[in-house]
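Taking it in order: structure first as structure tokens, then the write-up.
The values are calculated or read from the model by the stated rules, or taken from the named source; none is laboratory data. Bear in mind the structure is a predicted one, so any value in this text is a computation, not a measurement. Cβ atoms come from the backbone with ideal geometry, glycine included; neighbour counts cover every protein chain shown. In case anyone asks, the SASA skips ligands and DNA or RNA and just uses the protein heavy atoms, side chains included. Shrake-Rupley method; radii C 1.70, N 1.55, O 1.52, S 1.80 Å.
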Amino acid sequence: MIRPTVARVDLSAIRHNLGAIAAFLGQGSQPRPGIIAVVKANAYGHGAPEVGRALAEAGAAMLACADIEEGIVLREAGVRAPILVFGALSVSDLDGVFTHDLTPTISTPSAARTLEAAAARHGATLRCHLKIDTGMNRLGFRFDNLQRTMPEVAASPHLQIEAVYTHFATADDVEHPIFGEQRQRFDAAVATLAHLGVRPRLRHAANSAALLRDERVWYDSVRPGLLVYGIVPPPLAVTIPLRPALSLHSRVVAVKGLRPGEGTGYGLKTIVDRPSTIAVVPAGYADGLDLRLAGRGVMLVRGRRMPIVGSVCMDMTMIDVTGTEVAPGDAVVIIGEQDGESIGVREMAAAIGTIPYELLCRLGARIQRAYGGDSRQRAAGSTPR
Ligand SMILES: *Cc1c(COP(=O)(O)O)cnc(C)c1O
């Protein structure tokens, strides 16, 4: 059984994007950094088990997720690559770190204590990444207070600090001066750490936007998320040949005529002033479509952009197909391409004043993800898309 509204995820695009990012990184003047592929939030809505496996097989040095539970999902999907957990673990059940071989982030003094105690209990030496806050003021040890905070961490016998990292607050804003300042603070923090006897093997800092912007923040590894899925963080532009991995499809379930003066949807917000034809698409806000798309977004049918009208309802959305031959059963593209026309996630996000990240993460659990481009599926003889 499959609903008419389905997200197609092209795993060959994911693998291709990883390769394209690696090729881009290979053009730098320094040794090519490793790639920590970010698959938090169910791989930005694409499905963490399948995407995680594809990325690990395609050679990602490490995967990264938000919390221990996400890490366990990846392990249970058969991912054997190292997995970094970004989140603060102060209120988490830590057992999964040990049972599923996850690499936690130490981002606060209390997390360091909790992890040290848990590692001692398990009789384990825990590989960790240490997070430095260089100006985002979210998680991490303050860059300017390491003399005070680090000695205890450095003296924790069961914690092995394998890497040190930071995160940029304004990587997508090329005008903002804090970006360069954060880089300098990070360099200084790494030097301070060395002075205090903490010499991690790896340094990393760059999300997608940062790695596109400045080779100096590549360090030993980079941490792209959005780019892996084939989307460039707005407002940046790139020459890297990326392919969007996700497309969202549905089908027209009903078509009806409206007389002048009538409206459609809750609130009858759109009143038509001419005889009009409305098509109903079986996808709504329960599937992650944003209410603000009504009057602002479009969907593709028969290769044409049809405006979303009326209201985005829980399970349905109306589009204006006046003057076309649109009929029940017609293929609808909500995100993706159809007959040379296309709607990207960036465009959809811009239409309603949000970011591509939010749209992807909010794709509903009800929407089935159909995977194509899996090398093993092909080998098994199923038809690739
Ligand atoms: C989400 C996240 C990333 C990836 O960000 P993109 O903008 O998707 O590349 C990198 N690092 C950290 C700490 C993150 O939380």
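Go through 267, 257 for me and flag whichever is of a type in the set (Gly, Ala, Ser) and either closer than 22 Å to residue 50 by Cα or in a strand (DSSP E or B) (or both).
On the way: 267 fails: either closer than 22 Å to residue 50 by Cα or in a strand (DSSP E or B) (or both).
It is 257.
When you check residue 171 against the structure, is it open to solvent by less than 40 Å² (accessible area, probe 1.4 Å), within 14 Å of the ligand (Cβ to nearest atom) and part of a loop (DSSP other than H, G, I, E, B), yes or no?
On the way: open to solvent by less than 40 Å² (accessible area, probe 1.4 Å): yes; within 14 Å of the ligand (Cβ to nearest atom): yes; part of a loop (DSSP other than H, G, I, E, B): yes.
For residue 171, the condition - open to solvent by less than 40 Å² (accessible area, probe 1.4 Å), within 14 Å of the ligand (Cβ to nearest atom) and part of a loop (DSSP other than H, G, I, E, B) - is met.
I'm told residue 19 meets every condition in (1) open to solvent by 30 Å² or more (accessible area, probe 1.4 Å); (2) assigned to a helix (DSSP H, G or I); (3) within 15 Å of the ligand (Cβ to nearest atom) except one. Can you identify the failing condition by its number?
(3)
Scanning for something within 15 Å of residue 203 (Cβ to Cβ) and hydrophobic (A, V, I, L, M, F, W, C), does the stretch 113-124 turn up at least one residue? Walk me through how you get there before you give the answer.
Step one: filter the stretch 113-124 for residues within 15 Å of residue 203 (Cβ to Cβ), giving none.
Checked against the condition, which is being within 15 Å of residue 203 (Cβ to Cβ) and hydrophobic (A, V, I, L, M, F, W, C), the stretch 113-124 yields no hits at all.
If you go through the stretch 174-209 one residue at a time, how many are closer than 24 Å to residue 22 by Cα, in a loop (DSSP other than H, G, I, E, B), open to solvent by 50 Å² or more (accessible area, probe 1.4 Å) and modelled with pLDDT of 95 or more?
1
Out of curiosity, is residue 160 farther than 16 Å from residue 87 by Cα, in the same structural domain as residue 81 (by TED's automatic domain parsing) and within 16 Å of the ligand (Cβ to nearest atom)?
Working: farther than 16 Å from residue 87 by Cα: yes; in the same structural domain as residue 81 (by TED's automatic domain parsing): yes; within 16 Å of the ligand (Cβ to nearest atom): no.
So residue 160 does not fit the description; no.
Could you please give the count of residues in the stretch 215-229 that are in a loop (DSSP other than H, G, I, E, B) and away from the ligand (no atom under 12 Å from the Cβ)? Before you say what the answer is, go through the steps one by one.
Step one: of the stretch 215-229, the residues in a loop (DSSP other than H, G, I, E, B) are 218-220, 223-225.
Then drop every residue that is not away from the ligand (no atom under 12 Å from the Cβ), which leaves 218-220.
Looking only at that region, the number is 3.
Quick one: is residue 337 among the acidic types (Asp, Glu), in contact with a Leu (Cβ under 6 Å, 6 or more places away or on another chain) and in contact (Cβ under 8 Å) with a residue 24 or more places away in the chain?
Numbers: among the acidic types (Asp, Glu): yes; in contact with a Leu (Cβ under 6 Å, 6 or more places away or on another chain): no; in contact (Cβ under 8 Å) with a residue 24 or more places away in the chain: yes.
Judged against the criteria, residue 337 is not a match.
For the stretch 30-54, which positions are open to solvent by 10 Å² or more (accessible area, probe 1.4 Å), under 19 Å from residue 202 (Cβ atoms) and more than 13 Å from the ligand (Cβ to nearest atom)?
Correct list: 30, 31, 32, 34.
Name the residues in the stretch 61-86 that are within 24 Å of residue 164 (Cα to Cα) and more than 13 Å from the ligand (Cβ to nearest atom), would you?
Step one: list which residues in the stretch 61-86 are within 24 Å of residue 164 (Cα to Cα), which gives 61-72, 74-75, 79-86.
Hits for the stretch 61-86 are 61, 68, 69, 71, 72, 74, 75, 79, 80, 81, 82, 83.
For the stretch 265-289: of the residues being modelled with pLDDT of 95 or more and of a type in the set (S, T, N, Q), which is farthest from the chain's Cα centre (by Cα)?
Per the stated criteria, the residue is 276.
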